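Have a look at the structure below, then the notes.
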Amino acid sequence: MTPEDFDRLQTLTAARAGLKLTRDRMHLAEHRLGPIARREGFASVEALLAALWERHADALAWSVVEALLNAETWFRRDRQPYDTLHREMLPALGQARGRPVRIWSAGCSTGQEAYSLALAAADAGVSAEITAVDLSQRAIEKARSGLYTAFEIQRGLSAATMLRGFRPEDDQWRARAELRASIAFDRVNLLDEPGDTTRYDVIFCRYVLSDMEPARRAQVLEAIEARLMDDGCLFLGLGERPDGETVAFRPVVGREGLYVKAPTRFSRAA
């Protein structure tokens, strides 16, 4: 891959996904595009990119962008957010709402986060409606299937939880039907205008913003603020902060990565 090709990739990923693709990731980008080139019948990554620049094919462009997304995830990542949700938030919300608790997993990748949320709700004995979205169609298809390898299923889950939420299928593990039924998976670009007006009690958007351009992060946070109930909670990844991009949220003391709407937001809305 030439530096010129990488510069054009940077422009493409920023425009379509808000993705910040830094120069030190050039070799990683080439590695990730190799399977796309082979799948599409190109002899090399360079040939793939040359065709992309010449044809401006929308489907091919999205395949390239999706391949460059950070898909790293595992069950109950960091654990603390799920413990807080399970032990504190869900029981309180379940009692206060008088309806299923609505949870949005924004940037769910291959589904481990969404299934972790469904397990937390089941363990808390609280009815929850979970909407899980990601930009990658391939990731969404895997998430929807609920099928994971032995390595994936053991990454973050205890043996007891694994057996409670999943069943063996050949040499893999599939989420049980009741777990899958509580989650609606969909391909969504967080930069697009929302297709519905649903407001959520809890939003997980973890390790998504850190890979985005600053202006795009602010755009996504503004959209999240509009989708979150006024007394709702936002979970970001550990070390991710909205500071400097929006005044919509303030951190919860003693709960790293947990945010609520800032009081100034209510005064402006009034």
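Any read-out appearing in this document is the output of simple, stated calculations on the displayed coordinates, not a laboratory observation. Since the structure is predicted, the reported quantities are computational estimates derived from the model, not experimental observations. Every residue, glycine among them, receives a Cβ derived from its backbone with ideal geometry; neighbour counts consider all protein chains shown.
Along Cα→Cβ, 7 Å out, is where each label goes; now give me the distance between the ones at Ala15 and Leu238 in nm to one decimal.
3.8 nm
How far apart, in nm, are two points set 7 Å out from the Cα along the Cα-to-Cβ line at Asp78 and at Ala215?
2.8 nm
Amide H to amide H, which residues 5 or more places from Arg76 or on other chains are under 5 Å from it, using H placed in the peptide plane?
Ser116
Please check which bits of segment 19-40 a label hung off Ala47 would reach, taking the label as a point 7 Å along Cα-to-C-beta and the cut-off as backbone N under 15 Å.
34-40
Using 0.36 nm per residue, how much length does the chain from Arg87 to Asn189 gain when fully extended, once their Cα-Cα distance is taken away?
Once the chain is fully extended between Arg87 and Asn189, it gains 33.6 nm.
What is the antiparallel percent of DSSP beta bridges lying wholly in the chain, to the nearest 5?
Taking every DSSP beta bridge within the chain, about 40 percent pair in antiparallel fashion.
Pulled fully out, how much extra length does the chain show between Glu141 and Asp24, if you take 0.36 nm times their separation in residues and subtract their Cα-Cα distance?
Stretched fully, the Glu141-Asp24 segment lengthens by 39.1 nm.
Can you tell me the equivalent ellipsoid semi-axes for segment 172-216? Use √(5λ) from the Cα gyration tensor, largest first, whole Å.
26, 16, 11
Amide H of Leu228: which non-local residues (sequence gap of 5 or more, or other chain) have their own amide H closer than 5 Å, using H built in the peptide plane?
Amide H to amide H, under 5 Å and 5 or more residues apart or across chains, Leu228 pairs with Tyr200.
Using just the helices of the chain, give the 222 nm mean residue ellipticity in deg cm²/dmol: DSSP H runs with n ≥ 4 each add -39,500 (n - 2.57), and the total is spread over all residues, rounded to 500.
-13000 deg cm²/dmol, from helical runs alone.
Under a 5 Å amide H to amide H cut-off, with H placed in plane at 1.01 Å, what residues pair with Glu129 once short-range neighbours are removed?
Val101, Arg102, Ile103
Provide Rg and Dmax in Å for the chain, with only Cα atoms included in the calculation.
So, for the chain, Rg and Dmax equal 19.5, 59 Å respectively.
If one computes P(r) from the Cα atoms of segment 3-67, what percent of pairs lie at distances over 12 Å?
Pairs farther apart than 12 Å: 66 percent.
Any idea what the dipole of segment 3-67 comes to, in debye rounded to 20, about its Cα centre with Lys/Arg Cβ at +1 and Asp/Glu Cβ at -1?
The dipole of segment 3-67 has a size of about 220 debye.
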